[in-house]
1. Say whether the condition of being at pLDDT 65 or above, closer than 24 Å to residue 47 by Cβ, of a type outside the set (Gly, Ala, Ser) and in a helix (DSSP H, G or I) is met by at least one residue in the range 85-94.
2. If a residue has to be assigned to a helix (DSSP H, G or I) and over 19 Å from residue 112 (Cβ atoms) to count, how many in the range 123-141 make the cut?
3. Quick check on my filter: what residues within the range 12-54 are out of contact with any Phe, Trp or Tyr (no Cβ under 9 Å at 6 or more places or on another chain) and not in a helix (DSSP H, G or I)?
4. Can you tell me which residue is surrounded by the fewest Cβ atoms within 10 Å (Cβ to Cβ) among those in the range 27-55 that are modelled with pLDDT of 90 or more and in contact with a Lys or Arg (Cβ under 9 Å, 6 or more places away or on another chain)?
5. Is it the case, given these coordinates, that residue 144 is surrounded by fewer than 19 Cβ atoms within 10 Å (Cβ to Cβ) and outside any helix (DSSP H, G or I)?
6. Is it the case that some residue within the range 104-122 is at pLDDT 75 or above, in a helix (DSSP H, G or I) and within 30 Å of residue 12 (Cβ to Cβ)?
7. Which residue pairs have Cβ atoms under 8 Å apart, sit 6 or more places apart or on different chains, and have a first residue in the range 47-70 that is over 20 Å from residue 30 (Cα atoms) and not assigned by TED's automatic domain parsing to the domain that holds residue 146 and a second that is surrounded by fewer than 19 Cβ atoms within 10 Å (Cβ to Cβ) and of a type in the set (Phe, Trp, Tyr)?
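The values are calculated or read from the model by the stated rules, or taken from the named source; none is laboratory data. Given the structure is predicted, the values throughout are model-derived calculations rather than measurements. Glycine gets a Cβ as well: all are built from the backbone with ideal geometry, and neighbour counts include every protein chain shown.
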Amino acid sequence: MEHFPVPDLKGKPDMQRLIREYGDSILRMCVLYLHDIHLAEDAVQETYIRVYEKWGQFKGNCSEKTWITSIAINVCKSQLRSAWFRNRLCKEEAQKEPFQEDPPLWDDTVLQEISSLKPRYKEVILLFYYQEMKTKEIAVALGVTESAVSVRLNRARKQLKKSLKGWYYDE
């Protein structure tokens, strides 16, 4: 098993360094996951609160980035499961208007198709292509095997290829 340098866990984490090094990347992932900049900012804030609280539990069996990313994914999942979020989605659906940021977060067809994937496929695509994590790091972040990550990536790519047919693929 590969080991990464473990920071000083006896003291408090250097939150400024952690935010400076990983903050933008974590925010991007949360925006892509939650489709809302304000919810994403809340998720990033909650992520760093948990990092601070759980700093002593970081064992160094993965990189700091992988560990922080796994916390951010769990925070995003919790937000998506919350009653508040589900209630908001129901209200939006009733209004027949998709939630729009002002200005929109993206006009990219690819990102919209990624967003429409099942969560297990969306998260591996986001981590692999947008966070540039390796399969092994994704497996650690998600708590699954490397082969599960590979299968999910393969299935997600197939679904994206099918949904983007005629748009990005000439078939």
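1. No; the residues of the range 85-94 include none that is at pLDDT 65 or above, closer than 24 Å to residue 47 by Cβ, of a type outside the set (Gly, Ala, Ser) and in a helix (DSSP H, G or I).
2. Matching residues across the range 123-141 total 7.
3. If the condition is that a residue be out of contact with any Phe, Trp or Tyr (no Cβ under 9 Å at 6 or more places or on another chain) and not in a helix (DSSP H, G or I), then 14 is the only one that fits.
4. Out of the qualifying residues, it is 52.
5. For residue 144, the condition - surrounded by fewer than 19 Cβ atoms within 10 Å (Cβ to Cβ) and outside any helix (DSSP H, G or I) - is met.
6. No, that holds for no residue.
7. 60/4; 61/4; 62/4
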